[in-house]
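The values are calculated or read from the model by the stated rules, or taken from the named source; none is laboratory data. Everything quoted here is computed from the prediction, not taken from an experiment. Note: ideal-geometry Cβ built from the backbone for every residue, glycine included; neighbour counts use all protein chains shown. Side chains included, ligands, DNA and RNA excluded: accessible areas come from the protein's heavy atoms. Shrake-Rupley method; radii C 1.70, N 1.55, O 1.52, S 1.80 Å.
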Amino acid sequence: NLGLTDVRDVLIERQSVGDLTETRAEVSFAQARRGLASWLAEPAPMGALDFVSADAKVAAAFVVKEPQLMVEDLFGLLEVSDSNAWQELVQFQLDEGINIQQDFAAPLGGEIAFALDGPVLPQPSWKMVLEVYEPARLQRTIEWALTKVNERLAADGEAPLELLVQGAGGRTFYSLVMPGHEQQLHYVFVDGYLVAAPNRPLLLNAIGYRQTGYTLTRSAAFLERLPADRYSNFSALVFQDVGSLLEPLAAGISNSSEELPEEARLHLQQLAGQLQSSLFYAYAEQERITLAGTGDSFTPFGISGGLGGFLGLTQLMSDIR
């Protein structure tokens with residue numbers, strides 16, 4: 001049911017292309033991909049990345065098959081693996097008057113993106129982008145889910161979540177607020193996408209990046225990491241330039257109320273020199289998935305020195321704790 005037992009061959013190769021090292025792994029299947037193995041769609045343009053700036057330090061994007069079909073795969077797996085849980089799910093949908101496939105999954109498209117795009121202190125500047133076919137329908141489902149959550153909170157004697165709605169610049173902005181907590185979720189529907197972030201300025205910046213073309217996929221840091229075949233479309237990609245964040249992060253922590261141990265500061269400086277930017281990507285075809293990546297030193301997270309770099313990262317976490 002997972003489709004993973006159809007794997008036939010795995011081929012891994014590594015080669016130098018100019019100043020870059022490219023590692024590629026090809027997973028072939030005995031038949032057309034099915035089940036969870038079929039969730040990754042064939043390469044396509046990733047419009048969700050238009051909301052991610054050229055300065056982003058971490059970004060991940062995926063093109064998946066229709067979410068409604070993905071939910072169908074999950075339901076099929078649940079039905080054969082746990083019949084009791086499946087019956088409970090069916091009864092829940094009947095009792096609540098909700099259809100998960102139609103109300104949650106059907107309004108969504110196949111693009112998903114997540115990025116760390118902006119300052120990391122005092123609050124990480126993250127953003128999430130989802131392709132949406134039917135914004136009004138998805139918003140109704142969000143409001144239904146919020147009502148159910150608030151019913152549970154009320155039963156537990158806790159303050160309800162608030163959904164604030166405000167129009168500005170011809171758009172409708174939504175804010176999900178929990179009384180007494182600083183953390184908030186802001187989102188807006190733009191050109192067939194839902195863009196979410198921890199504050200509205202980040203949403204406005206994201207819209208501006210799309211309008212001006214100041215995007216990650218047009219940046220020199222991204223373009224120089226593209227594979228030798230120069231394909232512009234992918235099924236999935238992960239870009240990171242974490243090393244450039246470490247020294248400013250150390251300085252920011254040192255200047256804040258949180259005292260950074262000297263040993264941790266030294267490890268941050270060391271890792272800043274080891275972490276190199278990299279691009280990982282995947283191409284999905286009917287009977288195969290190709291995974292590849294480029295970097296000055298192709299190891300996970302672009303850490304030169306391989307295991308030594310990871311040990312340094314582990315030591316850093318220990319020093320901070």
Looking at segment 47-157, what helices (runs of 4 or more DSSP H) fall wholly within it and have at least 2 residues that are aliphatic (A, V, I, L, M) and within 30 Å of residue 280 (Cα to Cα)? 67-81
Is segment 212-219 home to any residue that is touching a helix residue (DSSP H, G or I) at 6+ places or on another chain (Cβ under 8 Å), among the polar types (S, T, N, Q), over 23 Å from residue 123 (Cα atoms) and surrounded by 16 or more Cβ atoms within 10 Å (Cβ to Cβ)? yes
Please enumerate the residues belonging to segment 13-46 that are β-branched (Val, Ile, Thr) and farther than 14 Å from residue 282 by Cβ. 17, 21
Under 9 Å between Cβ atoms, at least 6 apart or on separate chains: pull out the pairs that start in segment 83-108 with a residue that is without any contact (Cβ under 8 Å) to a residue 40 or more places away in the chain and end on any residue that is part of a loop (DSSP other than H, G, I, E, B) and among the hydrophobic types (A, V, I, L, M, F, W, C). 92/98; 99/106; 104/98
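Here's the yes/no breakdown for (1) open to solvent by less than 40 Å² (accessible area, probe 1.4 Å); (2) in contact with a strand residue (DSSP E or B) (Cβ under 7 Å, 6 or more places away or on another chain):
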residue	(1), (2)
94	no, no
105	yes, no
117	yes, yes
121	no, no
128	no, yes
134	no, no
Being open to solvent by 20 Å² or more (accessible area, probe 1.4 Å) and touching an Asp or Glu at 6+ places or on another chain (Cβ under 8 Å) is the filter; apply it to segment 45-59 and report the residue that is farthest from residue 118 (Cα to Cα). 46
In segment 26-37, which residues are within 23 Å of the chain's Cα centre (by Cα) and open to solvent by less than 20 Å² (accessible area, probe 1.4 Å)? 35, 37
All but one of (1) touching a residue at least 60 places away in the same chain (Cβ under 8 Å); (2) farther than 27 Å from residue 117 by Cβ; (3) open to solvent by 20 Å² or more (accessible area, probe 1.4 Å) hold for residue 62; which doesn't? (2)
